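Written below as structure tokens is the structure these notes are about.
The values are calculated or read from the model by the stated rules, or taken from the named source; none is laboratory data. Nothing here was measured: the structure is a model prediction, and the numbers come from that model. Using ideal geometry, Cβ is built from the backbone for each residue, glycine included, and neighbour counts are taken over all protein chains shown.
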């Protein structure tokens, strides 16, 4: 299987990488993704595997296609994805960081803290604790957060 990745990288990966170092980095990242993907498929649910796969393609779109070949940033976030994909809560926190970094780079840390705070509230609630006032608070928090 690793041979297939190396061959496909020779045809496709080198064309999207701006230099040889970035090309090699992307190749190693894809081998890591393949390894982690197989382990998730083998030991966890299909939903974990689908979340991992979907997250990989979204990151590829954001950092390679949309942000015009930011391979080093892509590599860093793929490492984060590989580390957090085993747990849906960790994956949600990971995406809070990705969204903050991608869409609000000037105030990255402040946005990340807001996202993580809101996620912590959501994860700490039990279904019986959800009340209309909590729902209104979270809607207001999201509204204020996205309006500035």
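The single condition among (1) modelled with pLDDT of 70 or more; (2) outside the structural domain of residue 55 (by TED's automatic domain parsing) that residue 78 does not satisfy is (2). Residue count for segment 68-114 under the criterion of being assigned to a loop (DSSP other than H, G, I, E, B) and without any contact (Cβ under 8 Å) to a residue 12 or more places away in the chain: the result is 4.
Note on segment 120-136: residues that are modelled with pLDDT under 75, under 27 Å from the mean Cα position of the chain (by Cα), surrounded by 10 or more Cβ atoms within 10 Å (Cβ to Cβ) and part of a helix (DSSP H, G or I) amount to 3. All conditions but one from (1) modelled with pLDDT of 90 or more; (2) more than 17 Å from residue 77 (Cβ to Cβ) apply to residue 11; the one that does not is (1).
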